[in-house]
Amino acid sequence: MSEQPTLALLAEKLGAELRLAAGASDSLVPSGLNTLQDATQQEVSFLASAAYKRFLSSTRACAVLVTAEQAASCPVSALVVADPYQAFARATSIYDRSPQYAAGIDPSASVAPSAEVHHSAYVGPGAVIEARAQIAENAVIGAGSIVGAGSVIGARSRLFPGVVVYHGCFIGADCIVHSNTVIGADGFGFAPSQGKWTKIHQLGGVEIADEVEVGANSCIDRGALGNTVIGRGVKIDNMVQIAHNVQIGDYSAMAACSAVAGSAVIGKHCTIAGGVGIVGHVTIADRSHVTARTLVTKSIEEPGSYSSGTPFSESRTWRRNAVRFGQLDQMSKRLGNVEKSLAQIEQEAAPRKQEADGPPQGDPR
Amino acid sequence: MSEQPTLALLAEKLGAELRLAAGASDSLVPSGLNTLQDATQQEVSFLASAAYKRFLSSTRACAVLVTAEQAASCPVSALVVADPYQAFARATSIYDRSPQYAAGIDPSASVAPSAEVHHSAYVGPGAVIEARAQIAENAVIGAGSIVGAGSVIGARSRLFPGVVVYHGCFIGADCIVHSNTVIGADGFGFAPSQGKWTKIHQLGGVEIADEVEVGANSCIDRGALGNTVIGRGVKIDNMVQIAHNVQIGDYSAMAACSAVAGSAVIGKHCTIAGGVGIVGHVTIADRSHVTARTLVTKSIEEPGSYSSGTPFSESRTWRRNAVRFGQLDQMSKRLGNVEKSLAQIEQEAAPRKQEADGPPQGDPR
Amino acid sequence: MSEQPTLALLAEKLGAELRLAAGASDSLVPSGLNTLQDATQQEVSFLASAAYKRFLSSTRACAVLVTAEQAASCPVSALVVADPYQAFARATSIYDRSPQYAAGIDPSASVAPSAEVHHSAYVGPGAVIEARAQIAENAVIGAGSIVGAGSVIGARSRLFPGVVVYHGCFIGADCIVHSNTVIGADGFGFAPSQGKWTKIHQLGGVEIADEVEVGANSCIDRGALGNTVIGRGVKIDNMVQIAHNVQIGDYSAMAACSAVAGSAVIGKHCTIAGGVGIVGHVTIADRSHVTARTLVTKSIEEPGSYSSGTPFSESRTWRRNAVRFGQLDQMSKRLGNVEKSLAQIEQEAAPRKQEADGPPQGDPR
């Protein structure tokens, strides 16, 4: 993080047109970013969604990222951009305070003689770089992280403290892996044998493309044969489980606590909400969306939105309905029987009804 | 842990009235605590729930924590208290054998010169205390734990080994955080931009009040703007995911594998069972209870118990019913049609029935 | 890992009969294992399931593990065995490249004077062995792993980097524990007291038998009183939560993200699929199978397969059906009313029908 910019410089960095409010100065140095409701007079805000428009008129922010259209109703200085949410995202990198680390290897780190650590990389206290591992330029290996034998960490990639990368894994450039995530542990493979389990040693690795982010306490297992593959620009949240030989297409995103079983193939640009489960060996079409907690048990052939589960309600009500779930097949059959009886009654009633009504009238039309 | 107390001293510590059985001595030193069924003659037991009352008569325990009412049926010495379960909980602290650590910084720990570690605190082997972090009196930082730049660990709080606290987080006094939990990792925030994702740097922090316990392998993400906030006395189990800007009210408890999405607000004194999911931006009323595995998709306005899901059963039966779930809307419409047909038949039948039955009788009332 | 074997030696190691294809040599040294589709001419493959039989005729593998029956249709050299999948599993151990560690204690490790580390064991960089802990022969304690006071790691067992074993836990021989898993953290026990929670210190431990494998980022909590017990040969995947005092019977397997609540007892040879939840205090019969994401809310008395949940579908369709779930009890009652009305109509119709049809015919039989 460099010096904080003036409003004028911020506008320049974001490619925004600065429309100063009366009496405002473009040499003000904003202290940071905040929501429309909470921003102080030193903070910049943004209007990213129609839902928040009602907070615009009363904001105290020194400036607001808005579209040209919204600028008219902005009571303070406007930073006019085509896409305020996108501009806000870029602005966050300007105000980010996360610690940066100078190049070098902490004396308490263990680096194998055959490992290659670029002189611009940082290796934190207690980190371990095993034999033949490669740490590229400007990479950051956080305190206590482990990079296993022969594994590669790409340029500018950052492992936060406590990440474990097993042997024979590849992480591309510009990746972020949050703390205590484990990459390359064994997939869950055992052959049953007379009531016991024989371990199938997992001979593949993990291959993570550039610009991938993985949250904290997640797992990406190594392949049984061949690699588990995470595509370019994929974003994975905390506590996500990716089993052996899964493939995730470029720019897909998976929210927290979702899990993908072995050999499943997820397309590109998919959005997988929190807590979703995807069973093994299925294929998910590009641009599919899966809603929270859905269990995907078959391949998804067409892009679209997919769901499972039941609505939540007060427990007493829920319990009454849940009991009926266990009677559904029976209910369906009863309904079928009712329909049959009814059809028969109507059929039998028809001649009687006819008698009662007299002979059918010819349709005059 | 001090010397183990005699029965007399134990009673005193727990504020219990000791009613010695015939021939028993209050100078006995119990070896520990156990259930009514498993306690030896050297162990103290407790009767915490009516469900276990049947085990009282045959217990071999040297003494049992009971209410005055239960004391009469206690075959051994009774430790009479108002709330035996509460007294048992307090007794566990007397018999706890978890290792204690003397004040001091392990020579293998890395402490930044600008960090402040109270002389009574303990910093274990390989732990890292970054710049400007503060470790208060009698705090315990377990082996390999990381306290990020500027973060604060309150008095008597304990991080078990392997905990990672990112920069700019605040943990109050008397907290416990179990191993490999991650506090302050980035929330999952990305702005879509032409099929790619732009990272929204997470500028907020995490604020944890006093007397909070967090289990192992859990995650509490830092806020995007502003803090993620965990209230006083909150208890969080293992593998719980708390997303950015969540707020959890005082004394709420969340069991293992539950997850709360971004900006959700959970009230005070809530009890969230295991595996519960709570979607983003909802509000949960104080004193709400949510049963295991429920997905909460809307705000809960009134305290009460809430549930979702279906009952489990033998897979074949379940499959038949689950198929019908996919036909439910159709079934509902069919049922509506049946009702309509039936109403029409009844209406038509009415005059015929009348004919058959003769003229309607006048109601004498 | 020793030298890679020739085809002849591989056959010998696997107890396979080598049937060389025309022109093939048993002195070829295969480079590894692969699937029928992907194997090169240097790789050995296997036919483990009928589903893959169609790939046999076109495989380029140098040899294929097959049954005697399948050998006839094998276009390349055949390694004839009774159980090809089992033989494949054993073959993976021959080609495993995971790093091995020479005996010895890394100088950056912290080993308490009272701990006992066998001279053949390995203790990695930054690992911590606390007071009175025991590390048996040929055990491997990965970098940064912690073995708490008095805990025992059995012969040939391996903790991958970052594992935390709390005090007073016992891990048997030939076990594998993957990175960042936590064994022996406190169970989630609190006694409510006037709106607050009193901690119930967890006085028990964890007892893991021989040949157990536990995945990455999993948790096995210590018992409240008495131990949490994992039986012989149990296989546990990543991110599995085992609460206090759970018992898991020998040779059971639990896939990723499953969770077992306190004091549940799981039988032997059970297979628990991914994402399953098992509530507290239930018992699961030996040889039970539970399908993915099922929530087990009651004891399972008979072996069999058990399930819960709803099928997934396109969200719009799902939503229509899910709404009806909330009306199920009402639907069931409406169906009951319809049946009653119908019965009445049929009863009333009977005499009329009789009239219309003429007197009933005597049954000639």
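A few remarks follow.
- Between chain A and chain B, the total buried accessible area stands at approximately 5800 Å², from heavy atoms with a 1.4 Å probe.
- Qualifying trypsin sites (Lys or Arg not before Pro) for the range A:61-167 [loop in DSSP, other Cβ within 10 Å: at most 14]: A:Arg97
- Dipole of chain A, positive end: most advanced residue of A:Gly304, A:Gln70, A:Ala253 [Cβ charges, Cα centre]: A:Gly304
- Neighbouring partner chain Cβ atoms per residue of A:219-225, average, 10 Å criterion: 5
- A Förster radius of 22 Å, combined with the Cβ-Cβ distance separating C:Gln194 from B:Gln4, puts the computed FRET efficiency at roughly 0.20.
- Annotation: amide H-H contacts under 5 Å for C:Glu43 (H modelled 1.01 Å from N, sequence separation of 5 or more, or interchain): C:Ser31, C:Cys62.
- Given R0 = 56 Å, the distance between the Cβ atoms of C:Arg319 and B:Ala22 translates into a calculated FRET efficiency of 0.20.
- Look at the alpha carbon pairs under 8 Å that are at least 6 residues apart: their mean separation over the length of the range B:7-95 gives a relative contact order of 28 percent.
- Taking a point 7 Å out from the Cα of A:Ser305 in the direction of its Cβ, the residues of the range B:275-290 whose backbone N falls within less than 17 Å of it are B:279-282.
- For chain A, averaging the sequence separation of C-alpha pairs within contact (under 8 Å, six or more residues apart) and dividing by the residue count gives a relative contact order of 6 percent.
- Whole-Å semi-axes of the ellipsoid equivalent to the range B:7-95 (Cα gyration tensor, √5λ, descending): 16, 14, 13
- The lysines within cross-link reach of C:Lys235, meaning a Cα-to-Cα straight distance under 21 Å and a gap of 8 or more places when in the same chain, are A:Lys196, A:Lys199, C:Lys268.
- With a simple spin-label model that places each label point 7 Å from the Cα along the Cα-to-Cβ direction, the separation between C:Ser57 and B:Thr297 comes to 4.9 nm.
- Here the 3J(HN,Hα) profile of the range B:307-321, calculated from phi with Karplus coefficients 6.51, -1.76 and 1.60 at θ = phi - 60°, is 8, 8, x, 10, x, 8, 7, 3, 4, 5, 4, 4, 4, 4, 6 Hz, Gly and Pro shown as x.
- Of all the options C:Asn227, C:Asn238, C:Asn337, the one that moves most in a Gaussian network model of chain C with Cα springs shorter than 10 angstrom is C:Asn337.
- Protein heavy-atom surface of chain B, 1.4 angstrom probe: 51% of the accessible area is carbon and sulfur, with nucleic acids and ligands not counted.
- Listed residues C:Leu203, C:Leu342, C:Leu56, most fluctuating in chain C (Gaussian network, C-alpha, under 10 Å): C:Leu342
- Solvent-accessible surface, computed for protein heavy atoms with a probe of 1.4 Å, shrinks by 50 Å² or more for the following residues of the range B:254-296 when the other protein chains are added to the isolated chain: B:Arg293, B:Leu295.
- Ellipsoid semi-axes in whole angstrom, largest first, where each is sqrt(5λ) of the Cα gyration tensor of chain C: 52, 39, 16
- Residue pairs, from the table A:Lys13/A:Lys53; A:Lys340/B:Lys298; A:Lys53/B:Lys333, whose Cα atoms sit over 30 Å apart: A:Lys340/B:Lys298; A:Lys53/B:Lys333
- Placing a label point 7 Å from Cα along the Cα-to-Cβ direction at C:Gln344 gives distances to the equivalent points in the other copies of 2.0, 2.0 nm, listed shortest first.
- Mean ellipticity per residue at 222 nm, deg cm²/dmol - from DSSP H runs of n ≥ 4 across chain A, formula -39500 (n - 2.57): -5500 deg cm²/dmol
- For the range A:59-76, the Karplus equation 6.51 cos²θ - 1.76 cosθ + 1.60, evaluated at θ = phi - 60°, returns couplings of 5, 9, 3, 6, 7, 10, 6, 9, 7, 4, 4, 6, 4, 4, 8, 8, x, 10 Hz by residue, with Gly and Pro reported as x.
- Shape category assigned to the range C:227-278 from the gyration tensor of Cα positions, a/c cut at 1.5: oblate
- In order through the range B:146-156: 3J(HN,Hα) via Karplus (6.51 cos²θ - 1.76 cosθ + 1.60), integer Hz, x for Gly, Pro: 10, 10, x, 3, x, 7, 10, 10, x, 4, 6
- The protein assembly as shown shape via C-alpha gyration tensor axes, a/c threshold 1.5: rounded
- Cα pair count fraction exceeding 13 Å, expressed as % - the range A:141-206: 65
- Between the amide H of C:Leu295 and those of C:Gly277, C:Ser308, distances stay under 5 Å, these residues lying 5 or more places away or on another chain, with hydrogens modeled in the peptide plane.
- Accessible surface, the range B:7-95, averaged per residue in Å² (probe 1.4 Å): 46
- Shielding by partners for peptide B:158-170, expressed as the average number of C-beta atoms from other protein chains within 10 Å of each residue's C-beta, is 5.
- Highest-MSF residue in chain B out of B:Ala273, B:Ala143, B:Ala343 [GNM, Cα springs under 10 Å]: B:Ala343
- Amide H contacts of B:Ile105 (H built 1.01 Å from N, in plane; Pro and chain starts excluded): B:Val123 sit under 5 Å, all sequence-distant by 5 or more or on other chains.
- A point 7 Å from Cα along Cα→Cβ stands in for A:Lys298, and the other copies hold the same point at 3.0, 3.0 nm, listed in rising order.
- Compared with the dominant Cα axis of chain B, that is its longest principal axis, helix B:84-95 is turned about 30°.
- Summing Cβ point charges (Lys, Arg +1; Asp, Glu -1) relative to the Cα centre of the range A:1-153 gives a dipole of roughly 380 debye.
- Label point of B:Glu116 (7 Å along Cα→beta-carbon): distances to the other copies' equivalent points are 4.7, 4.7 nm, sorted ascending.
- Surface per residue (accessible, 1.4 Å probe) for the range B:178-241, Å²: 22
- Peptide A:98-106 shows a mean partner chain C-beta count of 3 within 10 Å per residue C-beta.
The values are calculated or read from the model by the stated rules, or taken from the named source; none is laboratory data. Given the structure is predicted, the values throughout are model-derived calculations rather than measurements. Methodologically, a virtual Cβ is constructed for each residue, glycine included, from the backbone with ideal geometry; neighbour enumeration extends over all protein chains shown. Remember, those area values only see protein heavy atoms, side chains included, never the ligands or the DNA or RNA. Shrake-Rupley method; radii C 1.70, N 1.55, O 1.52, S 1.80 Å.
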